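Report on the structure given below.
Only the coordinates and a few stated rules stand behind these numbers; no lab work does. Since we're looking at a predicted model, the values are computed, not measured. Cβ sites come from the backbone with ideal geometry, for glycine too, and all protein chains shown count toward neighbours.
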Amino acid sequence: MERVAAYFRNENDAEDVRAKLQALAVSDVLVDKVPEDNNRILDIIRDVFRDVDNKGHEHSPYIVEFLVSEADFE
């Protein structure tokens with residue numbers, strides 16, 4: 001099994017992807033907010049995604065993680 005992680009601008013986008021993943025052969029799907037106290041590469045990701053869009057909405061980045069079989073990974 002291969003672990004995949006994808007980052008999204010907000011919870012709605014992440015939850016939409018979780019729903020779409022249900023049609024695929026994946027397991028252990030997790031949707032979670034990117035932790036505020038993380039000080040690695042996620043700081044860069046959080047800074048890129050945490051901004052205010054042209055409608056004044058601030059984004060809080062979310063991560064979707066899941067396992068996919070090696071045969072389906074490609």
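Each peptide in 15-28, 61-74 gets a packing score, the mean of other Cβ atoms within 10 Å over its residues, and the list from highest to lowest is 61-74, 15-28. Rounded to the nearest Hz, the phi-derived 3J(HN,Hα) couplings of region 60-74 under the Karplus curve 6.51 cos²θ - 1.76 cosθ + 1.60 (θ = phi - 60°) are 10, x, 10, 10, 10, 10, 7, 9, 9, 5, 4, 5, 8, 5, 6, where x marks glycine and proline. Here the 3J(HN,Hα) profile of region 3-19, calculated from phi with Karplus coefficients 6.51, -1.76 and 1.60 at θ = phi - 60°, is 8, 10, 10, 10, 10, 9, 5, 7, 5, 4, 4, 5, 5, 4, 5, 4, 4 Hz, Gly and Pro shown as x. With K and R counted +1 and D and E -1, the other residues having a Cβ less than 13 Å from that of ALA23 yield a net charge of 0.
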